[in-house]
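Report on one structure; see the data block that follows.
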Amino acid sequence: MANRALAGNPNLNTLGVVAPPPILVQTPAFEGTLATLFRCVREHKVDLLEVPMEPICEAYLCYLMESPAANLDEAAAALTVLAYLLERKAWQLLPVVEEDEPEMDEATALPDPTTYEYADVIQRLMENHDERTKLFFRTATPQLDLYEIPYDVGDVTAGDLAKAFERLLRRANPEPVELLAKPRKSIQEQMKFVLLALKPSYQRIEEMFVGEYTRTDAVYWFLALLELIRLGSAQVKLEGEEVLFAKK
C-alpha cells in the first residue's frame, strides 16, 4: 500500500516526505539545488556562515514568480528548508559571550617555619615511638597452635620446681666481675653436662653439682634440666617435700 502511494505521487521521496523543488542556488561558497544545500548543512559539510542568504531567498522568490501554478507541497517544503537555513545562520551570527579569565592573585608569602616551636613535642613523640617498638603485644584471641602442650611431670608442680631452684640458688657464690664481651653460655652445651651428671636413680638437684658455682651457673643448669625433662631425657618426681631428678 505504501509503495503504491509513493508511486502515485512523484513528489514524495523514499521516506514519504515531500522533497523541495529543484531550486538552483548559486553562491561563491556553494552551487547546487536547495535540497542539496540543506543536506550539506545538516551533515556539516558546508559552513553556512560563508554562504550568503540573499541569493537563496531571491532564487526562492523567482521560483514562486515564474511558477504561478507551483505545487503547494513543494513550495511549503522549500519554505521550510529556507526557514531552517535562516534560523541556523541567525544562531551562528549571534555574538558569543566570552567569560573573562579570573585574574591570578599575586603569590602570597609563605609563613615562616614554626617547627622549632614543637621541637620538644617532636622529640617526645620520637622517644615514645622508639620505646613502643620494643614492646610486643599478644592478640586478644590466643593462637593455641603457637604454644607447646605442657608435658606431664606427674605430681610435681611449678611451685615444687621453684622451691628446688631456690635451694640451689642459696648455695651459689656471688657473681664475679666479667667482661662485657664474654660470650654467653649455650643451653645446648649445658644440657650435655647436666645429662652426664644425672643418674638412673633419683637424687636431689643439689647432689648433682660438684664444686662451687655461681647464680648464673645455677640458672643455666636449671634451664638445661627443664629442657631435658621436656625432651624426655630426664624425669622428675615428688617424694614427700623433696623434688628428685633422674636420667630416663
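Filter the helices (runs of 4 or more DSSP H) completely within the stretch 1-75 down to those with at least 1 residues that are among the aromatic types (Phe, Trp, Tyr) and either modelled with pLDDT under 85 or under 20 Å from residue 90 (Cα atoms) (or both). Full working, then the answer.
Working: elements: 2-8, 34-42, 54-66.
Result: 34-42, 54-66.
Would a scan of the stretch 176-191 turn up a residue that is farther than 15 Å from residue 228 by Cα and at pLDDT 80 or above?
Scanning the stretch 176-191, I find no residue that is farther than 15 Å from residue 228 by Cα and at pLDDT 80 or above, so the answer is no.
If I ask for residues that are free of Cβ contacts under 8 Å to residues at least 40 places away in the same chain, of a type in the set (A, V, I, L, M, F, W, C) and more than 14 Å from residue 165 (Cα to Cα), which ones from the stretch 199-233 would you list?
Those that are free of Cβ contacts under 8 Å to residues at least 40 places away in the same chain, of a type in the set (A, V, I, L, M, F, W, C) and more than 14 Å from residue 165 (Cα to Cα): 210, 228, 231.
If you take the residues in the stretch 213-246 that are part of a helix (DSSP H, G or I) and of a type in the set (Asp, Glu), which one is nearest to the chain's Cα centre (by Cα)? So that I can check it myself, show each step before the final result.
Here is the first cut: in the stretch 213-246, the ones part of a helix (DSSP H, G or I) are 215-231.
Imposing the further condition that a residue be of a type in the set (Asp, Glu) reduces the set to 217, 227.
Values: 217: 54, 227: 47 Å.
The selected residue is 227.
Condition first: part of a helix (DSSP H, G or I) and modelled with pLDDT under 75. Now tell me which residues in the stretch 130-169 satisfy that.
Answer for the stretch 130-169, where residues must be part of a helix (DSSP H, G or I) and modelled with pLDDT under 75: 144, 145, 146.
The values are calculated or read from the model by the stated rules, or taken from the named source; none is laboratory data. Everything quoted here is computed from the prediction, not taken from an experiment. Reconstructed Cβ throughout: ideal geometry from the backbone, glycine too, with neighbour counts over all protein chains shown.
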